[in-house]
1. Among the residues of the stretch 157-176, is any more than 16 Å from ligand 1 (Cβ to nearest atom), free of Cβ contacts under 8 Å to residues at least 12 places away in the same chain, in a loop (DSSP other than H, G, I, E, B) and not basic (Lys, Arg)?
2. Sort out which residues of the stretch 11-35 are within 12 Å of ligand 1 (Cβ to nearest atom) and surrounded by fewer than 22 Cβ atoms within 10 Å (Cβ to Cβ), and write them in order of number.
3. It is to be established whether one or more residues within the stretch 275-286 are in contact with a helix residue (DSSP H, G or I) (Cβ under 8 Å, 6 or more places away or on another chain) and under 30 Å from Met197 (Cβ atoms).
4. Determine which single condition Ile159 fails, assuming it passes every other condition in (1) surrounded by fewer than 22 Cβ atoms within 10 Å (Cβ to Cβ); (2) modelled with pLDDT of 95 or more; (3) within 16 Å of ligand 2 (Cβ to nearest atom); (4) not aromatic (Phe, Trp, Tyr).
5. May I ask you to list the residues in the stretch 107-141 that are hydroxyl-bearing (Ser, Thr, Tyr) and within 16 Å of ligand 2 (Cβ to nearest atom)?
6. Here is a list: Glu2, Glu73. Which entry is over 26 Å from Asp178 (Cβ atoms), within 14 Å of ligand 2 (Cβ to nearest atom) and out of contact with any Asp or Glu (no Cβ under 8 Å at 6 or more places or on another chain)?
7. Being within 16 Å of ligand 1 (Cβ to nearest atom) and modelled with pLDDT of 95 or more is the requirement here; does Val57 meet it?
8. Tell me, please, whether a residue that is closer than 21 Å to Pro163 by Cα and within 14 Å of ligand 2 (Cβ to nearest atom) can be found in the stretch 7-26.
Amino acid sequence: MEVQLFTPYPKQLEVFNAVESLEYFYVVCIAGRQSGKTLTAQNLAIKFCLESKGKRVMWISPTDNQAQKVYKEILAGFPPIKGRKNPAIRDKRGAKGDTEIIFRTGSQILFRSSGSEDTLRGNKIHFIILDEAAKMKRETVEEIIRPTQKAIANPKMLIISTPKGKNWLYDYYQRGFDTKNYPRYKSFHYTCYDIPMANADFVEQARQDLTEIAFRQEYLAEFVDGASVFKNVYDCCTQPELKAPEPDDRYYAGVDVGLLTDATVLTILNGAGNLVKYYKWEKKESADIIDAIVDLNRVWSFKKILFETNNHGLPMYQDLKKK
Ligand SMILES: Nc1ncnc2c1ncn2[C@@H]1O[C@H](COP(=O)(O)OP(=O)(O)O)[C@@H](O)[C@H]1O
Ligand SMILES: [Mg+2]
């Protein structure tokens, strides 16, 4: 039996290959609306099921209706032949919360909603797909969905989404570029301009009609922070990061303290006023942060350190000054 899958565009093919490679367990694909994310994931799920025996894929969408839509779309790809059920499909179930397609290989796709947590539990899954992951909660992903992953040699999780502010998905996306700490993660990003099927006039109209933030999020797939004051931070980031101080320059540090929910950040400006490096500490005790700043000061010999003294800042400032 032969099954014809879709013909991927180059960007889609990269994602496809990363999921199929033995190197990566977690693949994150961030792209704009209508850029073929769902179609790519559907084809991966089908191929996985047809090429394996008795394995389980769990497709998770933010709502039951979205999961059902994907179920119907995949089934539509396997229509009856000459009045008889398509030979690739052994069985199917369309009930909400218990939706699945079983292929003739015995491998199956379960379709679930991240909102119905009880329907996610208890499964042992080889390949998990999160569609529109930005709309899911970090707790659901980490405390309920990830524990369903079977601890096999080559576990797979594909996370696809348009961004929705800078939430947990942003962290996962970053991991895909951090080959040292997260070698099993791979991330991809593309915009509506990278996809041949996008209608240029339609996109241009959206650019004119939507707020800048909405256009950048929905079409350029940027992790925009709707609440932030600064809208063009990335455009301004043109300076390469310095690994170590340069002998002829002068350096100034600024420390923004955040201990409980926020990070403490130390930024370093050079003599020309450019940001050349920053350090970020999360969930660290204030004594450790002070030690770290003292160490950095030895390396960079700051001309001046500006230190935020409100809230927890003041006692830290006093300790640091003593040291
Ligand atoms: N490689 C492709 N070839 C043909 N049509 C495609 C391809 N990729 C996506 N499409 C079509 O583009 C539309 C948007 O795709 P979809 O997967 O729903 O996008 P997204 O999930 O990113 O919003 C769908 O109609 C889909 O069938
Ligand atoms: Mg989609």
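The values are calculated or read from the model by the stated rules, or taken from the named source; none is laboratory data. Fair warning: this is a prediction, and the values are worked out from it, not measured in the lab. Glycine gets a Cβ as well: all are built from the backbone with ideal geometry, and neighbour counts include every protein chain shown.
1. The first filter runs over the stretch 157-176 and keeps only residues more than 16 Å from ligand 1 (Cβ to nearest atom), leaving 157, 165-168, 170-172, 174-176.
Narrowing the set further to residues that are free of Cβ contacts under 8 Å to residues at least 12 places away in the same chain leaves 171.
Filter once more, keeping what is in a loop (DSSP other than H, G, I, E, B): none.
No: the stretch 157-176 contains no residue that is more than 16 Å from ligand 1 (Cβ to nearest atom), free of Cβ contacts under 8 Å to residues at least 12 places away in the same chain, in a loop (DSSP other than H, G, I, E, B) and not basic (Lys, Arg).
2. Those that are within 12 Å of ligand 1 (Cβ to nearest atom) and surrounded by fewer than 22 Cβ atoms within 10 Å (Cβ to Cβ): Lys11, Leu13, Phe16, Arg33, Gln34.
3. no
4. The one condition Ile159 does not meet is (1).
5. Start the filter on the stretch 107-141 by keeping residues that are hydroxyl-bearing (Ser, Thr, Tyr), which leaves 107, 113-114, 116, 119, 140.
Of everything in the stretch 107-141, those that are hydroxyl-bearing (Ser, Thr, Tyr) and within 16 Å of ligand 2 (Cβ to nearest atom) turn out to be Ser113, Ser114.
6. Unique residue meeting the criteria: Glu73.
7. In short, no.
8. Scanning the stretch 7-26 turns up at least one residue that is closer than 21 Å to Pro163 by Cα and within 14 Å of ligand 2 (Cβ to nearest atom).
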